[in-house]
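Asker: Structure provided below as structure tokens; questions to follow.
The values are calculated or read from the model by the stated rules, or taken from the named source; none is laboratory data. Since the structure is predicted, the reported quantities are computational estimates derived from the model, not experimental observations. Positions of Cβ are generated from backbone atoms using ideal geometry, with glycine treated the same way; all protein chains shown enter the neighbour counts. Note: accessible area is taken over every heavy atom of the protein model, side chains too, but ligands, DNA and RNA are not part of it. Shrake-Rupley method; radii C 1.70, N 1.55, O 1.52, S 1.80 Å.
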Amino acid sequence: MEVKFQLNGKPAAADIEPDCMLLDLLRDMRCYSVKRGCDTTNCGLCTVLVNGKPSLSCAMPAARAEGKEIITLEGLQEEAVVFGRFLAKEGAEQCGYCSPGFIMNVIAMMRELKDPSIEEIKEYLAGNLCRCSGYEGQMRAIRNYMKEKGAQ
Amino acid sequence: MTMEEIELVTIANYLRPESLSDAYKLNQKKTNRVLGGMMWLRLCSPRIQNAIDLSGLDLDYIKETEEAFEIGAMCSLRSLETHPELEAYFCGAIKESVRHIVGVQFRNQATVGGSIYGRFGFSDVLTCLLALDTEVVLVHAGKMTLAEFADRKRDRDILEKIIIKKDGRRVAYLSQRATKTDFPVAACAVSKKEDIWYVSVGARPAKAELAVIHGQPADTLAEKAVADMKFGSNMRGSAEYREAVAKVLVRRAANAVLEES
């Protein structure tokens, strides 16, 4: 079956199997930031924005992308690079495998919540797992990032 | 469960019916399945001949009227969580019942219809809505109370929407989890209208059950509410532990309801 959607701001179309999940389609379309961690809808690694909302591409049938706007980390390079620097500065990136999904959800959070508290940040990001760290570096990075954004 | 043990869903055809009656007709075949958010179904390894996607049928809504909130089957759990009027009217209980479920991304996809129709033992949503004056509307069987629906034999009907009446009852929701984002070990919703208590206890680990109790003082409510409920054991906790936790949660929720009043 055919599916047509916007991918990172450009029209995209693909011929897919009915049980193809969006994650596999996006990787076929060379969006290699989108990765499979748990595949059981728990780790947040496969996070993409679907019509602006952070979503787990491992569990979304690719057919449901029809007519939607899909954004992956490849489409948010500018914001991702800026926040990535804050992450690196705090030593929050260790193996780095979870970073693309984490950065996607941080960007979604910054767009959705205005000046979130620490508790709100933790709740928003609870669906992004990191198995190297204890999240302290990530939290410092977010606080510093927010501080700089607020200062601008 | 390891990834090697999980066999994911297979779908031979993906259909987008143009009406609920067409969807109902398609769903009468055992090998066909209605898709909710696909968060749980995908992991249950069914082989689906025709997947029936309702997302083109305008069922993603929350409508407020004078008497009730009507919520379409394809409304996401995140929409329930962030709806200001729902939060204000039900004292934040509905928000509390969903905000611990996995993560924001998951709740953007999981649907109210899937959560309720599945009548899952772990369902926070079912537990919460049972303690409110909630009805479900099914395409074939029509309207019935959520409690009736929860007890009903599984068939091949389709859930169109739920209706939560604005009957003025105060409500509180509490759950305990062994770890953040996990299924609850025990969950409860307590509401009160005049001198009637409605106590719903879920994750026993069987599906939520409702006790309706007249005129009981709050301090002895918990004992009475769980007296006829059966608790079971699984990897998250023993029956005894669950029952003990449930009583504490009911007592705290009842006190919260009294404070709200």
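Asker: Mind checking which residues of the stretch A:113-125 are open to solvent by 20 Å² or more (accessible area, probe 1.4 Å) and within 19 Å of B:Glu96 (Cα to Cα)?
Answerer: Those that are open to solvent by 20 Å² or more (accessible area, probe 1.4 Å) and within 19 Å of B:Glu96 (Cα to Cα): A:Leu113, A:Ser117, A:Ile118, A:Glu119, A:Glu120, A:Lys122, A:Glu123.
Asker: Pick out, from the stretch A:61-152, the helices (runs of 4 or more DSSP H) lying fully within it that include 1 or more residues that are farther than 24 Å from B:Thr179 by Cα and not assigned by TED's automatic domain parsing to the domain that holds A:Asn51.
Answerer: A:77-89, A:99-112, A:136-151
Asker: Please give the number of the condition B:Leu132 fails out of (1) at pLDDT 95 or above; (2) surrounded by fewer than 21 Cβ atoms within 10 Å (Cβ to Cβ).
Answerer: Failed condition: (2).
Asker: Being buried (at least 16 other Cβ atoms within 10 Å of the Cβ) and among the small types (Gly, Ala, Ser) is the filter here; which residues of the stretch A:91-106 pass it?
Answerer: Result: A:Ala92, A:Ser99, A:Gly101.
Asker: Being free of Cβ contacts under 8 Å to residues at least 12 places away in the same chain and either under 22 Å from A:Arg36 (Cα atoms) or open to solvent by less than 50 Å² (accessible area, probe 1.4 Å) (or both) is the requirement here; does A:Val81 meet it?
Answerer: The answer is yes for A:Val81.
Asker: Return the residues of the stretch B:175-221 that are over 25 Å from B:Ser233 (Cα atoms), among the polar types (S, T, N, Q) and in a loop (DSSP other than H, G, I, E, B); say none if nothing qualifies.
Answerer: Correct list: B:Gln216 only.
Asker: Next question. Taking only the stretch B:92-115 into account, find how many residues are closer than 24 Å to B:Val212 by Cβ and in contact with a strand residue (DSSP E or B) (Cβ under 6 Å, 6 or more places away or on another chain).
Answerer: So the count comes out to 4.
Asker: Of all residues in the stretch A:21-56, how many are within 13 Å of chain B (Cβ to nearest Cβ), among the hydrophobic types (A, V, I, L, M, F, W, C) and surrounded by fewer than 20 Cβ atoms within 10 Å (Cβ to Cβ)?
Answerer: Residues that pass the stated criteria total 1.
Asker: Here's something else I'd like to know. Within the stretch A:1-37, can you find the residues that are out of contact with any Cys (no Cβ under 9 Å at 6 or more places or on another chain), of a type outside the set (A, V, I, L, M, F, W, C) and closer than 14 Å to A:Glu69 by Cβ?
Answerer: A:Lys4, A:Gln6, A:Gly9, A:Lys10, A:Pro11, listed by residue number.
Asker: What pairs come out if I take residues in the stretch A:98-121 that are under 17 Å from A:Gly44 (Cα atoms) and of a type in the set (Val, Ile, Thr) and pair them with residues that are in a helix (DSSP H, G or I) and open to solvent by 70 Å² or more (accessible area, probe 1.4 Å) whose C-beta lies under 9 Å away, six or more apart or interchain?
Answerer: These pairs meet every condition: A:Ile121/A:Arg143.
Asker: Just the residues that are modelled with pLDDT of 95 or more and either outside any strand (DSSP E or B) or away from chain A (no Cβ under 12 Å) (or both), please, taken from the stretch B:32-51.
Answerer: B:Asn32, B:Val34
Asker: Follow-up. Filter the stretch B:114-129 down to the residues that are open to solvent by 10 Å² or more (accessible area, probe 1.4 Å) and part of a helix (DSSP H, G or I), then identify the one that is farthest from the other protein chains (Cβ to nearest Cβ).
Answerer: Taking the candidates together, the pick is B:Tyr117.
Asker: Only one of (1) open to solvent by 60 Å² or more (accessible area, probe 1.4 Å); (2) more than 18 Å from the chain's Cα centre (by Cα); (3) at pLDDT 95 or above is not met by A:Asn144, so which one is it?
Answerer: With (1) open to solvent by 60 Å² or more (accessible area, probe 1.4 Å); (2) more than 18 Å from the chain's Cα centre (by Cα); (3) at pLDDT 95 or above applied to A:Asn144, the lone miss is (1).
Asker: Can I ask one more? For the stretch B:82-113, what are the residues that are part of a helix (DSSP H, G or I), surrounded by 20 or more Cβ atoms within 10 Å (Cβ to Cβ) and within 12 Å of another protein chain (Cβ to nearest Cβ)?
Answerer: Scanning the stretch B:82-113 gives B:Glu96, B:Val98, B:Val104, B:Gln105, B:Phe106, B:Arg107, B:Asn108, B:Gln109.
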